[in-house]
Amino acid sequence: MGLFQQISLEAKTRALRSLVIGGLAINFHGCSRDTADLDLLIERDARSRWVDFLLGLGYIIYRDRGVFVQLTPPAQGAWPVDLMLVSEATFQPMFAAGIGVEMFGAAVLIPSLEHLLALKLHALKHGHVERFMKDYLDVENLIRANSVDVHSEKIRQLFQKYGTLELYEKVRRTCAS
């Protein structure tokens, strides 16, 4: 059984909820992006249960920044796992609007396009400078691949709430049709 099947099965058994985010979710929203890890969005209150589960599979924590936990896989070539922790108030609407997809033989949820854009905008606003270009290109590519109207008030408000108006203007200029 592969990692994705194990996670899907154990998550049901242990009542653990997650959304697959990052590059894998980007790919399901119509963009081609290489990724070498499994990024999961989870509830902050479920952190210890997720970590215990992954440690039980042989994973090792190599970085813990409080809201972001990165784990090294037990074997070379296996998927590293990153856990992004959010409050239940943030997680619940994203989970409720999640899109069911099959990923490597397992049923998983990914965020809606709007929620994925919000996550990327939040990362751009609060993230590390070395990730800026990757996250920025993800936003541009998601907008283009999904024919998002960058002139819509809804998109401007999304940028204002989770990113910045400066980012909005830059994306609007580069993605305008």
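I need D34, D52 ordered by Cβ neighbour count within 10 Å, fewest first.
Neighbour counts put them in this order, fewest first: D34, D52.
Can you bin segment 1-111 into rounded, prolate or oblate? Criterion: square roots of the alpha carbon gyration tensor eigenvalues sorted a ≥ b ≥ c, rounded for a/c under 1.5, prolate for a/b above b/c, oblate for the rest.
rounded
Expressed in nm to one decimal, what extension gain is obtained for the pair R65 and K134 from 0.36 nm per residue of sequence separation less their Cα-Cα distance?
Length difference between fully extended and current span is 22.8 nm.
Residue by residue through segment 101-108, what is 3J(HN,Hα) from phi via Karplus (6.51 cos²θ - 1.76 cosθ + 1.60, θ = phi - 60°)? Round to whole Hz and write x for glycine and proline.
Calculated HN-Hα couplings, in order: 9, 9, 10, 6, x, 10, 7, 9 Hz.
Please work out the FRET efficiency for the pair Q92 and M1, using the Cβ-Cβ distance as r and a Förster radius of 25 Å; give the result to the nearest 0.05.
Efficiency, from the Cβ-Cβ distance: 0.30.
Can you work out ³J(HN,Hα) from phi for every residue in segment 137-149, in order, using Karplus 6.51 cos²θ - 1.76 cosθ + 1.60 and θ = phi - 60°, giving whole Hz and x for Gly and Pro?
Coupling constants for segment 137-149: 5, 4, 4, 4, 5, 4, 5, 5, 5, 10, 6, 6, 7 Hz.
Convert each backbone phi in segment 20-36 into a coupling constant with the Karplus relation 6.51 cos²θ - 1.76 cosθ + 1.60 (shift: θ = phi - 60°), then list the ³J(HN,Hα) values in order as whole Hz, x for Gly and Pro.
7, 10, x, x, 5, 5, 4, 4, 6, 9, x, 10, 9, 9, 5, 8, 10
Lysine pairs in the chain with Cα distance under 21 Å, only those 8 or more apart or on different chains: how many are there?
For the chain, the number of qualifying lysine pairs is 12.
No value in this document is a laboratory result; all are computed from the given coordinates. Fair warning: this is a prediction, and the values are worked out from it, not measured in the lab. With ideal geometry, Cβ positions are generated from the backbone for all residues, glycine too; neighbour counts draw on all protein chains shown.
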